[in-house]
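Beneath this line is the structure, given in structure tokens, with notes to follow.
FYI, it's all coordinate maths here, none of it is from the lab. Being a predicted model, the structure only gives us computed values, none of them experimental. Note that each Cβ is placed from the backbone with ideal geometry, even for glycine, and that neighbours are counted across all protein chains shown.
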Amino acid sequence: SSLLEVKNLYKSYGEAAAKVEVLKGIDLCVESGDTIALVGPSGAGKSTLLHIMGTIDRPTSGEVLFDGEPVFALADQPLASFRNRSIGFVFQFHHLLPEFTALENVMMPLLIGGEKRSKVEGRARELLHDVGLAHRVTHRPGELSGGEQQRVAIARALVRQPRLLLADEPTGNLDMKTSHEVHELLYSIQRSTGITLVIVTHNEQLAAGMNRTIRVVDGRIVE
Ligand code: ADP
Ligand code: ADP
């Protein structure tokens with residue numbers, strides 16, 4: 001079966017006269033190893049869909065199956081542990097903790113999960129090496145360029161070895177050259193790990209490098 005199946009998904013915000021229907025019946029299958037660009041106009045519902053696929057947000061109705069299991073049947077706590085084990089996130093703004101080093105930021109999800117620093121430091125160093133930041137492990141976010149900060153965020157997203165990596169405009173805040181480098185990094189990580197990748201992007205170059213493009217317009221998939 002598919003890694004992820006989205007079935008007849010609806011999402012609205014607000015009540016009665018103030019109700020806004022953002023997703024209007026989304027169906028989508030994501031196979032293991034897929035690389036998908038979610039594109040479409042601003043306000044179409046792409047981020048909302050990505051957040052629901054990542055279980056950060058619950059739908060109003062419809063289902064999301066992960067390995068055939070309906071994830072929203074889980075209560076908040078087990079849903080959070082499922083999410084922590086299975087899904088990595090990269091956002092437009094990196095949300096790194098400014099008072100911690102690159103290495104500590106990458107280790108943070110594991111440290112919060114109760115792992116010992118001595119046990120996880122090796123893996124975090126390896127990931128920083130993989131994203132091209134072996135020479136920046138003790139730098140803090142403020143001492144890194146925008147592209148380097150986003151590389152740290154990517155390493156952090158991968159530290160728990162998720163099956164699915166979700167990214168929301170990961171290069172929306174970077175200049176063209178740096179965006180291109182971050183795209184190449186994401187493709188290269190995908191090739192070497194086979195991770196399933198879903199990216200919301202306005203960047204046509206990034207979308208062109210993915211194996212599927214899904215266009216969302218006004219809360220529906222149009223192609
Ligand atoms: P996109 O990512 O395609 O730009 P979004 O999913 O961010 O679209 O937003 C789709 C619509 O949902 C927008 O009209 C936005 O204002 C609305 N929306 C998103 N989140 C909320 C929220 N928490 N409360 C109310 N409306 C929201
Ligand atoms: P925002 O969402 O407001 O743009 P960010 O998510 O980029 O903020 O940053 C969150 C925190 O990380 C901020 O408190 C900021 O101090 C810190 N930070 C982010 N980027 C830098 C940077 N280049 N130099 C120093 N601190 C930074």
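Partners of LYS19 within straight-line reach, counting lysines whose Cα lies under 30 Å from its Cα and excluding those fewer than 8 residues away in the same chain: LYS7, LYS11, LYS46.
Of all aspartates and glutamates in the structure, the ones whose alpha carbon falls short of 16 Å from that of LYS119, not counting any fewer than 8 places away in one chain, are GLU104. Note on region 76-223: dipole from Cβ charges, positive end direction compared against PRO98, LEU110, SER179; the farthest Cα belongs to LEU110.
Calculated FRET efficiency, LYS177 to PHE93, Cβ-Cβ distance, R0 = 22 Å: about 0.65 to the nearest 0.05.
Under the rule of -39500 (n - 2.57) per DSSP H run of 4 or more residues, summed and divided by the residues of the chain, what mean residue ellipticity at 222 nm is obtained, to the nearest 500 deg cm²/dmol?
Working: 7 runs with 80 residues, N = 223.
That comes out to -11000 deg cm²/dmol.
Basic side chains Lys and Arg get +1 at the Cβ, acidic Asp and Glu get -1 at the Cβ, and with that the dipole of region 117-159 about its Cα centre reaches some 180 debye.
Classify region 1-98 from the C-alpha gyration tensor, please: rounded if a/c falls under 1.5, else prolate or oblate depending on whether a/b exceeds b/c. Let's see the in-between values first.
Details: a/c = 1.31, a/b = 1.16, b/c = 1.13.
Verdict is rounded for region 1-98.
Computed about the Cα centre, the dipole magnitude for region 1-116 is approximately 220 debye when only Lys and Arg (+1) and Asp and Glu (-1) carry charge, each at its Cβ. Dipole orientation for region 83-223: of the candidates ILE154, ILE87, HIS139, ILE87 has the Cα lying most toward the positive pole (charges on Cβ; Lys, Arg +1; Asp, Glu -1). Here the 3J(HN,Hα) profile of region 120-132, calculated from phi with Karplus coefficients 6.51, -1.76 and 1.60 at θ = phi - 60°, is 10, 4, x, 5, 5, 4, 4, 5, 5, 4, 4, 8, x Hz, Gly and Pro shown as x.
Positive end of the dipole of region 160-223, charges at C-beta (+1 Lys, Arg; -1 Asp, Glu), about the Cα centre: which of ILE221, THR193, GLY209 has its Cα farthest in that direction? Towards the positive end, the residue furthest out is THR193.
If r is the Cβ-Cβ distance from GLU126 to ASP27 and R0 is 41 Å, what FRET efficiency results, to the nearest 0.05?
Computed FRET efficiency for GLU126 and ASP27 comes out at 0.60.
Basic side chains Lys and Arg get +1 at the Cβ, acidic Asp and Glu get -1 at the Cβ, and with that the dipole of the chain about its Cα centre reaches some 380 debye. Taking a ≥ b ≥ c as the square roots of the eigenvalues of the Cα gyration tensor, region 143-216 is classed as oblate, since a/c reaches at least 1.5 and a/b does not exceed b/c.
With a Förster radius of 45 Å applied to the C-beta separation of ASP57 and ALA134, the computed FRET efficiency comes to 0.80. When ILE56, ILE112 are arranged by Cβ crowding within 10 Å, least crowded first, meaning fewest neighbours, the order is ILE112, ILE56.
For region 36-160, rounded, prolate or oblate, judged on the Cα gyration tensor with a ≥ b ≥ c (square roots of eigenvalues), a/c < 1.5 rounded, else prolate if a/b > b/c? Don't skip to the answer; put the middle values down first.
Details: a/c = 2.58, a/b = 1.53, b/c = 1.69.
Since a/c reaches 1.5 but b/c is at least a/b, the shape of region 36-160 is classed as oblate.
Structural descriptor for region 1-155: relative contact order 20 percent, calculated from alpha carbon pairs under 8 angstrom and at least 6 residues apart. Subtracting the Cα-Cα distance of ASP67 and SER188 from 0.36 nm times their residue separation leaves 41.1 nm of extension gain.
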